[in-house]
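A short worksheet on the structure shown next.
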Amino acid sequence: MGLGLLAFRALRSSRILTSPNPRHTILRRIVSTPELQNPEAAQAQPESPPPDLHHRAPVAGARVHFSNPEDAIEVFVDGYPVKIPKGFTVLQACEVAGVDIPRFCYHSRLSIAGNCRMCLVEVEKSPKPVASCAMPALPGMKIKTDTPIAKKAREGVMEFLLMNHPLDCPICDQGGECDLQDQSMAFGSDRGRFTEMKRSVVDKNLGPLVKTVMTRCIQCTRCVRFATEVAGVQDLGMLGRGSGEEIGTYVEKLMTSELSGNVIDICPVGALTSKPFAFKARNWELKGTETIDVTDAVGSNIRIDSRGPEVMRILPRLNEDINEEWISDKTRFFYDGLKRQRLNDPMIRGADGRFKAVSWRDALAVVAEVIHQVKPEEIVGVAGKLSDAESMMALKDFLNRMGSNNVWCEGNGMHPNADLRSGYLLNSGISGLEKADAFLLVGTQCGDDLKIFEHFFHSISPLLMIFELRLKGVLGKCPTVLDRPTAEMPLLGLALQGSPRVEAAMVNARIRKTVRATEAKVGYIGPPTDLNYDHQHLGTSPITLKEIAENRHPFCSTLSNAKNPSIIVGAGIFEREDKDAIFSAIETIAKNCKAIRPDWNGLNVLLLNAAQAAALDLGLVPESNNCIESAKFLYLMGADDVSLEKLPSDAFVVYQGHHGDRGVYRANVIFPASAFTEKEGTYENTEGCAQQTLPAVPTVGDAREDWKIIRALSEVAGARLPYDTVSGVRSRMRAVAPNLLRVDEREAATFSPSLSKPESRQEISSEPFGNAVENFYMTDAITRASKIMAQCSAMLLKK
Amino acid sequence: MASVVKNALKGIRERGIGSFIREVRDEGYLQTKIHNIGATLVGVDKFGNKYYQKLGDTQYGRHRWVEYASKGRYNASQVPPEWHGWLHFITDHTGDELLMLKPKRYGAEHKENLSGEGDEYIYHSKGHSLNPGQRDWTRYRPWEPATKA
Amino acid sequence: MLARRATQRLLEIRQAFRQIPQASRSFSTALNYHLDTPDNKPDLPWEFNDANKAKVTEILSHYPSNYKQSAVIPLLDLAQQQHGGWLPVSAMNAVAKVIEVAPIRVYEVATFYSMFNRAKVGKYHLLVCGTTPCMIRGSREIEDALLKHLGVKRNEVTKDGMFSVGEMECMGCCVNAPMITVADYSSGSEGYTYNYFEDVTPKRVVEIVEMLRRGEKPPRGTQNPMRRNCGPEGGNTTLLGEPKPPPCRDLDAC
């Protein structure tokens, strides 16, 4: 928060004051009030404020966007003029001017409460210090943040805050990253006058993720506002009054939100901390690695904190376009799955049906021998939902060299619509959803993945119609895809399946934000679900969709009246038989309500898994429909959720992956691979934004990166792939899908409305949409190995 | 005063004059004993540390002190918490009185801080190669193929 | 002998360390969190009775239809009167349903105001003012007399369920201090009264309790027969004549 820097600055300036000529003064006096020791220096200082331009850079690189240049007003912060848009608060003006105002209750993404009083500043002609977070800046206002009045006000507030705060920093998990600690060092007094008994508060049970030590609470109400406004679960409240005031749920209640972990981040003290992380490490022991999340298609930006070879915790990173500063609970807490059930040695199943650990050389030789014994069309490859683009590229290249083109990524179904990028991307963009004013969610189950999406949706538009078309096929046929909420999934999931809350929690959060901000209308087609915002449940089967397409449904007028209607289709429909019919119905709806225009593309697909978008970009499309039934050689690259029931019993199965999950039980050979925390890989999220992971910890045992294993296998099999380095693979990827190389940029699909597809002759079936995600907390190999996720599903999903 | 002399004579008789003088010099024994003249012994804790107080014309803030039981290797962490308050003028209740308030159920025994006294007292975090718990600690648990084969 | 002296000394030390006899005095009748009891748990059914349903409609009509939540305090009050002076958690849930907000928003309000009782009270809830003027005039003795007479502790209900004693902050009758308030929940929201009894003495307060127990209605207001309302004892002593007009208004004098 820059407060450490502030503290440092305060310390530095006091040193300068005590020793006016530091070169000649070796002995430094330590005094709490340096001005008293050196009155001349203290007096001289305010008269000549150093024109320190470096100091004036906006806090955290804040940029000001003037929607209307005429709305700019000028205020003076510590004498420096600064231009800000109308409606900014005094605190925001100070941030633009580069002055970091201490605060506890103010959070830029929550409503303003103004109850901590830490942000008091002096404003000229105001008789009292004003709370800057709640005070609108007025033209010509002269704000003073560094005067004795402001300093004394802060010191007084800090003394009150510390009155009932226990002195348990040494045993507090927030110690070292605590706002209260930092700010009391920078702004507090070195002594207090409180001699009475400190109060104590009963701890609350908020579930398996959030640990509470309510005595430490300073009643900033950030968690209450987060739960109400962002997470959409009105469970937390401020109970009691005066010194008996406490945060709680009153009745015994667990926090069932899929975003509940974020209260740990917003809590400025150690009242709400992470239960799985409790007493595990200190934050200064941790090494942060900025990477991205792969448990859903949103591609939330995360920071993996590791100590030595262990992943200790996962925190969100700010990315306004994707996850803002939230992440879903699955993203935050699945990391203990990385330490269990790991595959660390290549293994071969012997004649007795038992696995035996072997050397890489032997394992590769066996596979290379078998692959030459089967016919090319009997070779099938399936990429898993956690696969990175590099390994999928290598897999496709390798199998192509072996003469097969039966490669696909689980979750995309057997006939993915990979020809047009707009057919499988969240075309509006996750942040673009905030502009929508009507949502139709079709069969998405944002529930998991979509929670984030839902949040997005909330924030997006006044008429958000969410059609949840829940594709029954999704769940039954390819539970893998739907199980796993991905960045892409959130958007789609919201629309089509159970609820975006499960498919893409961050997208759901975005929808929720939009709905809250603009009262966008949301229509939902899919299985009954609990979206945490106002919505109309239009139906459970594609028949409703047909009615809307034929203008026979009351929701049609909402859609056609909307300026920016957004239709979000869950990736679950990829697995349905009548996929084409549903898509053509959706396209008709989009055409009717003018959802696709040059300036707005409101036809969105919300993918479920991190690998899906990149797989479709790279053209991982199976050649024949029933390749599994006729396969003799099946290469599973981390694919655990493909249905292997129809696989011939004499087929040879190679499983390459990092966890001993569903896939290994049918495998003949196991290749251990690295998890996403241990390798560098490219992932594309549901809105088409390519991002790269970075290795945070070393890999386990003999495991290797996925693409390297395939590269080695290709050499042993005599069909050497022409790349030896990651950059080599990437230049190959550039030839296929150049957008995957443009990291952190959203490559929007170029949609050509003129390009009309052949009319689908398929009939829409009346089969209701199914749940794409059965269990939000356990969707892939890593989360299924996680104890914390198992606890969550046991405690939070039972209703 | 008389006891000081008596103890000194006893020491000389037992150890001989040479070692007695060396001991007195090395341990500041004489200095401590001279300082203790005229002071009241307020209490002795269970480690044998003696707590003295001298009221009257002693400067306020220097009127309480401790004579450590171990003369050669002493440090401030040898003062148990019940006496700490008295010794540092936090309270006027002596350690013996405060000991009665100590909860029986969960009050831990006082232990001096042994940092710097040898490798076995150094704290090693979990996962550190010198931590004895390291032997039980594994970075990850591999998948066991035998479960179903 | 020694043991007794040691025990005594120990007691003294404990006293010295416990600076405030009661670490915090709670003015509320319940904790700030809910614990399930047989007569107070969320799954018990609770509804406004028919007479009160009309009142609920009337109360809601005072507020714009999109600001129904403004009616939370009057509705909680009504629910409390109906339920014999206290609010079980199911009553709060019922209010939340009426005003269409999350239950926690109602809990927040109910825990904030000390006049909402979230634990059982007697049919007559006696509230002793404990603020400075009343305290100086002997409210502590009044409370002690009440507690002793009824044989209960503060916020405890007598065995027959008739009385409970609580403490209230200043109720604005400082001129007639000390005073108590009697909230009468004996006959539901129809006969609900909330009467002040001022100028009470420890003796008089016991008489009031006994009158209430017999079902009589003791006269409200000052209990000092020599005083009328808040006037001084024995009639007015100042400002007896006609007030003189201000000089500037006396035009003849100009």
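The values are calculated or read from the model by the stated rules, or taken from the named source; none is laboratory data. Keep in mind that what you see is a predicted model, and the values were worked out from it rather than measured. Please note: Cβ atoms are built from the backbone with ideal geometry, for glycine as well, and neighbour counts cover all protein chains shown.
Taking the stretch A:269-293, which residues are out of contact with any strand residue (DSSP E or B) (no Cβ under 6 Å at 6 or more places or on another chain), hydrophobic (A, V, I, L, M, F, W, C) and farther than 11 Å from A:CYS172 by Cβ?
A:TRP284
Quickly run through the stretch A:332-350 and pick out the residues that are touching a residue at least 60 places away in the same chain (Cβ under 8 Å) and farther than 13 Å from A:ALA675 by Cβ. Quick ask: steps written out before the conclusion?
If we filter the stretch A:332-350 for residues that are touching a residue at least 60 places away in the same chain (Cβ under 8 Å), which is where we start, we get A:332-338, A:340-349.
Within the stretch A:332-350, A:ARG332, A:PHE333, A:ASP345, A:PRO346, A:MET347, A:ILE348, A:ARG349 meet the criteria.
Quick one: A:CYS119 ticks every box in (1) in contact (Cβ under 8 Å) with a residue 40 or more places away in the chain; (2) buried (at least 22 other Cβ atoms within 10 Å of the Cβ); (3) not assigned by the TED database to the domain that holds A:PHE277 bar one, so which box is it?
(1)
One line per residue, one yes/no per condition, for (1) hydroxyl-bearing (Ser, Thr, Tyr); (2) surrounded by fewer than 16 Cβ atoms within 10 Å (Cβ to Cβ); (3) in contact with a helix residue (DSSP H, G or I) (Cβ under 9 Å, 6 or more places away or on another chain):
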{"site": "A:GLU684", "(1), (2), (3)": "no, no, yes"}
{"site": "A:THR699", "(1), (2), (3)": "yes, no, yes"}
{"site": "A:LYS708", "(1), (2), (3)": "no, no, yes"}
{"site": "A:GLU715", "(1), (2), (3)": "no, yes, yes"}
{"site": "A:ARG734", "(1), (2), (3)": "no, yes, yes"}
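For A:ASP617, indicate whether it is of a type in the set (Asp, Glu) and closer than 25 Å to A:VAL366 by Cβ. Can you show your working first?
Values: of a type in the set (Asp, Glu): yes; closer than 25 Å to A:VAL366 by Cβ: no.
In short, no.
Any residue in the stretch B:59-84 that's at positive phi and assigned by the TED database to the domain that holds B:ASP96: show its pairings with residues that are assigned to a loop (DSSP other than H, G, I, E, B) and of a type outside the set (A, V, I, L, M) at Cβ separation under 8 Å, as long as the two are six or more apart or on different chains.
B:GLY61/B:PHE89
Residue check, B:LYS104 against (1) touching a Lys or Arg at 6+ places or on another chain (Cβ under 9 Å); (2) within 14 Å of another protein chain (Cβ to nearest Cβ), all met but one. Which one?
For B:LYS104, the failing item is (1).
Tell me which helices (runs of 4 or more DSSP H) are completely within the stretch C:55-125 and hold 1 or more residues being free of Cβ contacts under 8 Å to residues at least 40 places away in the same chain, over 26 Å from C:THR158 (Cβ atoms) and away from every other protein chain (no Cβ under 13 Å), or say none if there are none. Let's see the steps before the verdict.
Numbers: elements: C:72-82, C:89-99, C:103-112.
Here the list reads C:72-82, C:89-99.
When you look at A:ALA610, is it under 23 Å from A:ARG354 (Cβ atoms) and small (Gly, Ala, Ser), yes or no? Can you show your working first?
Working: under 23 Å from A:ARG354 (Cβ atoms): no; small (Gly, Ala, Ser): yes.
Criteria not met by A:ALA610.
Only one of (1) more than 10 Å from chain A (Cβ to nearest Cβ); (2) surrounded by 17 or more Cβ atoms within 10 Å (Cβ to Cβ); (3) without any contact (Cβ under 8 Å) to a residue 24 or more places away in the chain is not met by C:PHE48, so which one is it?
(3)
Which of the residues spanning the stretch A:330-350 are farther than 23 Å from A:GLN691 by Cα and either at the interface with chain B (Cβ under 9 Å from one of its Cβ atoms) or assigned to a loop (DSSP other than H, G, I, E, B) (or both)?
A:LYS339, A:ARG340, A:GLN341, A:ARG342, A:LEU343, A:ASN344, A:ASP345, A:PRO346, A:MET347, A:ARG349, A:GLY350
Within the stretch C:32-45, work out how many residues are within 14 Å of chain A (Cβ to nearest Cβ) and free of Cβ contacts under 8 Å to residues at least 12 places away in the same chain.
First, the residues of the stretch C:32-45 that are within 14 Å of chain A (Cβ to nearest Cβ): C:32-37, C:40-44.
Applying the additional criterion that residues be free of Cβ contacts under 8 Å to residues at least 12 places away in the same chain yields C:33, C:35-37.
Result for the stretch C:32-45: 4.
Please identify the pairs in which a residue from the stretch A:383-400 that is in contact (Cβ under 8 Å) with a residue 40 or more places away in the chain has its Cβ atom under 7 Å from the Cβ atom of a residue that is basic (Lys, Arg) and part of a loop (DSSP other than H, G, I, E, B), counting only partners at least 6 apart or on another chain.
Between residues of the stretch A:383-400 that are in contact (Cβ under 8 Å) with a residue 40 or more places away in the chain and residues that are basic (Lys, Arg) and part of a loop (DSSP other than H, G, I, E, B), the close pairs are A:LYS385/A:ARG484.
Among the residues of the stretch A:375-390, write down those that are of a type outside the set (A, V, I, L, M), more than 23 Å from the chain's Cα centre (by Cα) and crowded, with 24+ Cβ neighbours inside 10 Å. Can you show your working first?
Of the residues in the stretch A:375-390, the ones of a type outside the set (A, V, I, L, M) are A:375-378, A:381, A:384-385, A:387-388, A:390.
Retained after the next criterion (residues that are more than 23 Å from the chain's Cα centre (by Cα)): A:375-378, A:381.
Listed by number, the list holds a single entry, A:GLY381.
Could you identify the single residue in A:ARG199, A:ARG191 that is over 37 Å from the mean Cα position of the chain (by Cα), in contact (Cβ under 8 Å) with a residue 40 or more places away in the chain and assigned by the TED database to the domain that holds A:GLY240? Explain how you work it out, then say what you get.
Values: A:ARG191 fails: in contact (Cβ under 8 Å) with a residue 40 or more places away in the chain.
The match here is A:ARG199.
Tell me, yes or no, whether the stretch A:311-329 has at least one residue that is within 14 Å of chain B (Cβ to nearest Cβ), closer than 30 Å to A:ILE670 by Cα and in contact (Cβ under 8 Å) with a residue 24 or more places away in the chain.
Residues of the stretch A:311-329 that are within 14 Å of chain B (Cβ to nearest Cβ), as a first pass: A:311-312.
Filter again for closer than 30 Å to A:ILE670 by Cα, leaving A:311-312.
Pick out the ones that are also in contact (Cβ under 8 Å) with a residue 24 or more places away in the chain and you get A:311-312.
Yes, the stretch A:311-329 has at least one match.
Given the conditions (1) among the small types (Gly, Ala, Ser); (2) closer than 22 Å to A:ARG225 by Cβ; (3) in the same structural domain as C:VAL182 (by the TED database), which single one is not true for C:ALA102?
Condition not satisfied by C:ALA102: (3).
Quick grid of which residues meet (1) in contact (Cβ under 8 Å) with a residue 12 or more places away in the chain; (2) in contact with a Cys (Cβ under 7 Å, 6 or more places away or on another chain); (3) closer than 28 Å to A:SER359 by Cβ; (4) not acidic (Asp, Glu):
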residue	(1), (2), (3), (4)
A:ASP617	yes, no, no, no
A:GLU623	yes, no, no, no
A:SER630	yes, no, no, yes
A:LEU644	yes, no, yes, yes
A:GLY663	yes, no, yes, yes
A:VAL669	yes, no, yes, yes
A:ALA673	yes, no, yes, yes
A:THR699	yes, no, yes, yes
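Considering only residues that are charged (D, E, K, R), surrounded by 10 or more Cβ atoms within 10 Å (Cβ to Cβ) and either modelled with pLDDT of 75 or more or not in a loop (DSSP other than H, G, I, E, B) (or both), which ones fall in the stretch B:107-146?
First pass over the stretch B:107-146, keeping only residues charged (D, E, K, R): B:109, B:111-112, B:117, B:119-120, B:126, B:135-136, B:139, B:141, B:144.
Filter once more, so that each one left must be surrounded by 10 or more Cβ atoms within 10 Å (Cβ to Cβ): B:112, B:117, B:126, B:139, B:141, B:144.
Scanning the stretch B:107-146 gives B:GLU112, B:GLU117, B:ARG139, B:ARG141, B:GLU144.
What's the number of the only condition in (1) of a type in the set (Phe, Trp, Tyr); (2) at pLDDT 90 or above; (3) farther than 21 Å from A:GLY657 by Cα that A:PHE453 fails to meet?
Checking A:PHE453 against (1) of a type in the set (Phe, Trp, Tyr); (2) at pLDDT 90 or above; (3) farther than 21 Å from A:GLY657 by Cα, the one that fails is (2).
Looking at the stretch A:258-268, can you tell me whether even one residue there is closer than 26 Å to C:VAL89 by Cα, in contact (Cβ under 8 Å) with a residue 60 or more places away in the chain and within 14 Å of chain C (Cβ to nearest Cβ)?
Looking through the stretch A:258-268, none of the residues is closer than 26 Å to C:VAL89 by Cα, in contact (Cβ under 8 Å) with a residue 60 or more places away in the chain and within 14 Å of chain C (Cβ to nearest Cβ).
A quick yes/no check of all residues on (1) within 30 Å of B:ARG22 (Cα to Cα); (2) within 14 Å of chain C (Cβ to nearest Cβ); (3) surrounded by 17 or more Cβ atoms within 10 Å (Cβ to Cβ); (4) at pLDDT 90 or above:
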| residue | (1), (2), (3), (4) |
| --- | --- |
| B:TYR52 | yes, no, yes, yes |
| B:ASP57 | no, no, no, no |
| B:TYR60 | no, no, no, no |
| B:VAL66 | yes, no, yes, yes |
| B:LYS71 | yes, no, no, no |
| B:ALA76 | yes, no, no, yes |
| B:TRP83 | no, no, yes, yes |
| B:TRP86 | no, yes, yes, yes |
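Looking at the structure I just gave you, is B:TRP143 among the aromatic types (Phe, Trp, Tyr), over 30 Å from C:ARG4 (Cβ atoms) and within 13 Å of another protein chain (Cβ to nearest Cβ)?
On the way: among the aromatic types (Phe, Trp, Tyr): yes; over 30 Å from C:ARG4 (Cβ atoms): yes; within 13 Å of another protein chain (Cβ to nearest Cβ): yes.
Here the answer is yes, as B:TRP143 does meet what is asked.
Could you say which residue among A:PHE633, A:PHE652 is surrounded by fewer than 24 Cβ atoms within 10 Å (Cβ to Cβ) and aromatic (Phe, Trp, Tyr)?
Numbers: A:PHE633 fails: surrounded by fewer than 24 Cβ atoms within 10 Å (Cβ to Cβ).
The conditions single out A:PHE652.
Could you figure out which of (1) farther than 25 Å from A:ASP744 by Cβ; (2) away from every other protein chain (no Cβ under 14 Å); (3) in contact (Cβ under 8 Å) with a residue 40 or more places away in the chain isn't true of A:ASP362?
Unmet condition: (3).
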